[in-house]
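Down below is the structure, laid out as structure tokens.
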Amino acid sequence: MNMVFAVLLDALLGEPRRWHPLVGWGKLAYLIERTLNLAVAPFFSRCLGVLAWLLMVVPLVLLSYFAVNLPLYGHFITVLVLYFSIGLNSLAAHARPIAAALMQGDLASARILLARVVSRDTHNLNATDIARASVETVLENGNDAVFAALFWFAIAGAPGALAYRLANTLDAMWGYKTAQFYYFGWAAARLDDGLNYLPARLTALSYALLGNTKLALTCWRTQASWHDSPNAGVVMSAGAGALNLQLGGAAMYHGVVEQRPQLGIGRNATATDIDRALRLVRRTALLWVSIYLIIEVWRA
């Protein structure tokens, strides 16, 4: 029942607006990176990146392991750890205002809101570009912010969910192919890819089952490998097919235009498709929690 309580807590409260544990942890990660990301040979830079990753992840995961086994407070701590590790409510809280701004024709506000949740440049995007980017981030973050954490919770309890959340956050901070992070962030990027491998494929399968199944599976099979990420391509191609949409295309990152592969088959995304993507993610969350409950009851 711990997963159910954590998901309900997220639905009721969303992410804490103040004193979120990951905020302070992120500041520490920034300091660690500034200290260990040195101008050294690539091999040693990668070694320092591994050391930094271990310093940021292992102590907290070990602490959580002992905390969730405390006789009186273990279950409460377990729920809290999973609650802090998922972001289903937050995903909707960020995406819905973008859709509302688009429906009102307020492109300026929509660009500003989108810039808070994506790393691409948004200042020149039109309505179709904004809707497409929003749907992409909802589908991808359905896995990254929700389902992968639920998967690792089911496999390894609260320490598993926490390990995934910390690893995924470090990838978001360090996993860039820029001069600053190309070698230092190598471990963070590769470890996140590994931890997401199975969850991404289960997420893609869930999207397919809950949408246009045939088209989603076809897009997954034929298009996923076009994406440079081994996991994002799987999730977004299946999600786009499930929604009968075409995603991808040109996007600007740090002033450089990148031609992303076309994923999915169908029409271009509109503002209303942002909520369709959110509904797909919510249905997937309900499916996963239901399956977890059935397994728990069966095991009991």
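The values are calculated or read from the model by the stated rules, or taken from the named source; none is laboratory data. Bear in mind the structure is a predicted one, so any value in this text is a computation, not a measurement. Every residue, glycine among them, receives a Cβ derived from its backbone with ideal geometry; neighbour counts consider all protein chains shown.
Counting only residues that are without any contact (Cβ under 8 Å) to a residue 40 or more places away in the chain and either hydrophobic (A, V, I, L, M, F, W, C) or surrounded by fewer than 22 Cβ atoms within 10 Å (Cβ to Cβ) (or both), how many does the range 140-167 have? Give the derivation first.
Step one: filter the range 140-167 for residues without any contact (Cβ under 8 Å) to a residue 40 or more places away in the chain, giving 155-156, 160.
Now narrow it down to the ones that are either hydrophobic (A, V, I, L, M, F, W, C) or surrounded by fewer than 22 Cβ atoms within 10 Å (Cβ to Cβ) (or both): 155-156.
Matching residues across the range 140-167 total 2.
Evaluate the range 206-213: report whether one residue or more is touching a residue at least 40 places away in the same chain (Cβ under 8 Å), out of contact with any Phe, Trp or Tyr (no Cβ under 8 Å at 6 or more places or on another chain), over 19 Å from Ala148 (Cβ atoms) and surrounded by fewer than 20 Cβ atoms within 10 Å (Cβ to Cβ). Write out each step before concluding.
Within the range 206-213, the first condition is being touching a residue at least 40 places away in the same chain (Cβ under 8 Å), and the residues that meet it are 206-207, 209-211.
Those still in the list that are out of contact with any Phe, Trp or Tyr (no Cβ under 8 Å at 6 or more places or on another chain) too: 207, 209-211.
From what is left, the residues that are over 19 Å from Ala148 (Cβ atoms) are 211.
Going one step further and asking which of them are surrounded by fewer than 20 Cβ atoms within 10 Å (Cβ to Cβ), we end up with none.
Within the range 206-213 (the criterion being touching a residue at least 40 places away in the same chain (Cβ under 8 Å), out of contact with any Phe, Trp or Tyr (no Cβ under 8 Å at 6 or more places or on another chain), over 19 Å from Ala148 (Cβ atoms) and surrounded by fewer than 20 Cβ atoms within 10 Å (Cβ to Cβ)), the answer is no, since none of the residues qualifies.
Could you tell me which numbered condition Ala127 fails, if it satisfies all but one of (1) closer than 28 Å to Leu8 by Cα; (2) touching a residue at least 40 places away in the same chain (Cβ under 8 Å); (3) of a type outside the set (Asp, Glu); (4) touching a Ser or Thr at 6+ places or on another chain (Cβ under 9 Å)?
Evaluating Ala127 over (1) closer than 28 Å to Leu8 by Cα; (2) touching a residue at least 40 places away in the same chain (Cβ under 8 Å); (3) of a type outside the set (Asp, Glu); (4) touching a Ser or Thr at 6+ places or on another chain (Cβ under 9 Å) leaves (1) as the failure.
Can you find a residue that is of a type outside the set (Phe, Trp, Tyr) and buried (at least 16 other Cβ atoms within 10 Å of the Cβ) anywhere in the range 290-298?
Applying the first criterion (of a type outside the set (Phe, Trp, Tyr)) to the range 290-298 yields 290-291, 293-297.
With the extra rule that they be buried (at least 16 other Cβ atoms within 10 Å of the Cβ), the set shrinks to none.
The answer is no; no qualifying residue exists.
Pick from Ala167, Ala148, Ala127: which is farther than 20 Å from Tyr253 by Cβ and over 16 Å from the mean Cα position of the chain (by Cα)?
Working: Ala167 fails: over 16 Å from the mean Cα position of the chain (by Cα); Ala148 fails: over 16 Å from the mean Cα position of the chain (by Cα).
The conditions single out Ala127.
Output the number of residues of the range 68-106 satisfying the condition of being of a type in the set (A, V, I, L, M), buried (at least 17 other Cβ atoms within 10 Å of the Cβ) and farther than 21 Å from Phe151 by Cβ.
Of the residues in that region, 5 qualify.
Matching residues to (1) under 22 Å from Trp186 (Cα atoms); (2) in contact (Cβ under 8 Å) with a residue 12 or more places away in the chain; (3) not in a helix (DSSP H, G or I):
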| position | (1), (2), (3) |
| --- | --- |
| Phe5 | no, yes, no |
| Leu8 | no, no, no |
| Glu15 | no, yes, yes |
| Leu22 | yes, yes, no |
| Leu28 | yes, yes, no |
| Ile32 | yes, yes, no |
| Val40 | yes, no, yes |
| Ser45 | yes, yes, no |
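Pick out the one residue from Arg111, Arg120, Arg116, Arg132 that is within 28 Å of Gly249 (Cα to Cα) and either touching an Asp or Glu at 6+ places or on another chain (Cβ under 8 Å) or surrounded by fewer than 17 Cβ atoms within 10 Å (Cβ to Cβ) (or both).
Working: Arg111 fails: either touching an Asp or Glu at 6+ places or on another chain (Cβ under 8 Å) or surrounded by fewer than 17 Cβ atoms within 10 Å (Cβ to Cβ) (or both); Arg120 fails: either touching an Asp or Glu at 6+ places or on another chain (Cβ under 8 Å) or surrounded by fewer than 17 Cβ atoms within 10 Å (Cβ to Cβ) (or both); Arg132 fails: either touching an Asp or Glu at 6+ places or on another chain (Cβ under 8 Å) or surrounded by fewer than 17 Cβ atoms within 10 Å (Cβ to Cβ) (or both).
Step by step, each of Arg111, Arg120, Arg116, Arg132 is checked, and only Arg116 is within 28 Å of Gly249 (Cα to Cα) and either touching an Asp or Glu at 6+ places or on another chain (Cβ under 8 Å) or surrounded by fewer than 17 Cβ atoms within 10 Å (Cβ to Cβ) (or both).
Which one of these does Asn69 not meet: (1) under 30 Å from Val235 (Cα atoms); (2) polar (S, T, N, Q); (3) without any contact (Cβ under 8 Å) to a residue 12 or more places away in the chain?
(1)
From the list Leu60, Leu22, which one is at pLDDT below 95 and under 20 Å from Pro159 (Cβ atoms)?
On the way: Leu60 fails: at pLDDT below 95.
Step by step, each of Leu60, Leu22 is checked, and only Leu22 is at pLDDT below 95 and under 20 Å from Pro159 (Cβ atoms).
Any residue at all in the range 72-85 that's over 16 Å from Leu170 (Cα atoms), hydrophobic (A, V, I, L, M, F, W, C) and not in a helix (DSSP H, G or I)? Outline the logic, then answer.
First pass over the range 72-85, keeping only residues over 16 Å from Leu170 (Cα atoms): 72-83.
Remaining after also requiring hydrophobic (A, V, I, L, M, F, W, C): 72, 76-77, 79-82.
With not in a helix (DSSP H, G or I) added as a condition, the list becomes 72.
Yes - at least one qualifying residue is present in the range 72-85.
Can you pull out every residue in the range 259-300 that is on the phi < 0 side of the Ramachandran plot, under 21 Å from the mean Cα position of the chain (by Cα) and part of a strand (DSSP E or B)?
Selection gives Arg260, Pro261, Gln262, Leu263.
For the range 234-252, enumerate the residues that are on the phi < 0 side of the Ramachandran plot and surrounded by fewer than 23 Cβ atoms within 10 Å (Cβ to Cβ). So that I can check it myself, show each step before the final result.
Residues of the range 234-252 that are on the phi < 0 side of the Ramachandran plot, as a first pass: 234-243, 245-247, 250-252.
Listed by number, the residues that qualify are Gln246, Ala250, Ala251, Met252.
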